[in-house]
Amino acid sequence: MSGWQYVGNYLTDSDGKINVPLGVYPVGDYVVHFVVEGDLSGTTGYLSAVDAGRDAVVFDIDGTLTINDFEACADYVGVKTATAYDYAPQVVNAWREKGYQVIFLTARPYWVTKDGLEWLAIQKVGRWHYHSNPYGGGPIPPDTQKFKTDYVRHLRDVVGLNIVRAYGNASADIAAYADGGIAKANTDIIGPNAGASGTQPIHGEYGSHFSFVVTPTPVASCKR
């Protein structure tokens, strides 16, 4: 787009959430900026419009791109920036550069989305498409597996994405991806559960896996 397009004036609910129907846009990645009339504070959202059949890769974040599940806590309270596995950002970017739609599917509750997006920016892997858990009752949502299964099914059955690969670290990731219709042969697991239940193991870090992504994997068949 050559410039900003005004999409309307809307009211948040009591939780500060807002639902804006944007209609249909040409295929691409968009920035959506929200401004509060009262004090002119604002926030930014990110929207992806995709063709049905677009090849996609799903990534969990905590313990999958970061070195463990507890890095997010230190990141959130400002103690440190969560540490990424070696070559994790390069693997994400390698898939993106080949034309695949990258999906970050995290069990983090929605109210830490700002921190999650900032971390992706620090790692220089882009912020599209990031989906967090809408649960707002506490720091650890109780429905991680179902939440991820439901969204994977939504991406496949409603959006029409062709998910060719999924990355995770937890047993909940393995079960969610399987229930969502992703084959174990296309599910890569790092950490203590690497290779569990017939998944593809990634040991230690992503160095050797990066070579696999760069060389044998094909360019996406339905590019933007």
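Within the accessible surface of the chain, defined with a 1.4 Å probe on protein heavy atoms only, the carbon and sulfur portion equals 55 percent. When the helices of the chain are scored as -39500 (n - 2.57) per DSSP H run of n ≥ 4 and the total is divided over every residue, the value at 222 nm lands at -6500 deg cm²/dmol.
Scaled against the 2.2 N^0.38 Å expected of a compact globular protein of N residues, the Cα radius of gyration of the chain reads 1.02. Here the alpha carbons of the range 4-53 define both size measures, Rg and Dmax, at 12.7, 42 Å. Principal-axis analysis of the Cα atoms of the chain puts helix 113-122 at an angle of about 60° to the longest axis. Give the angle, between 0 and 90 degrees and rounded to the nearest 10, that separates the Cα long axis of helix 88-97 from the longest principal axis of the Cα atoms of the chain. Helix 88-97 and the main axis of the chain meet at about 70 degrees. To the nearest 10, the accessible area of L22 is 50 Å² with a 1.4 Å probe.
Ordered by 1.4 Å accessible area with all protein chains kept, D60, D179 run largest first as D179, D60.
Its relative contact order, with pairs defined as Cα atoms under 8 Å and 6+ residues apart, puts the chain at 22 percent. The listed residues V58, V159, once ranked by accessible area (1.4 Å probe) with the largest placed first, stand as V159, V58.
If you model the range 140-179 as an ellipsoid using its alpha carbon gyration tensor, with each semi-axis the square root of five times an eigenvalue, the axes come out at 18, 12, 7 Å, biggest first. In this structure T144 has an accessible area near 40 Å², from a 1.4 Å probe over the protein heavy atoms. Among beta bridges from DSSP that stay inside the chain, the antiparallel ones total about 35%.
Amide H contacts of V32: G45, Y46, L47, each under 5 Å away and 5 or more positions distant or on a separate chain (H built 1.01 Å from N in the peptide plane; Pro and chain starts excluded). R108 sits with roughly 20 Å² accessible to a 1.4 Å probe, with DNA, RNA and ligands left out of the calculation. For the set L120, L11, solvent exposure ranked by accessible area (probe 1.4 Å, protein chains only) runs largest to smallest as L11, L120.
Residues in the chain average 52 Å² of solvent-accessible surface per residue, probe 1.4 Å, ligands and nucleic acids excluded. Remark: the chain carries a charge dipole of roughly 580 debye about the Cα centre, counting +1 on each Lys and Arg Cβ and -1 on each Asp and Glu Cβ.
The values are calculated or read from the model by the stated rules, or taken from the named source; none is laboratory data. Everything quoted here is computed from the prediction, not taken from an experiment. No Cβ is skipped: glycine too gets one built from the backbone with ideal geometry, and neighbour counts run over all protein chains shown. Remember, those area values only see protein heavy atoms, side chains included, never the ligands or the DNA or RNA. Shrake-Rupley method; radii C 1.70, N 1.55, O 1.52, S 1.80 Å.
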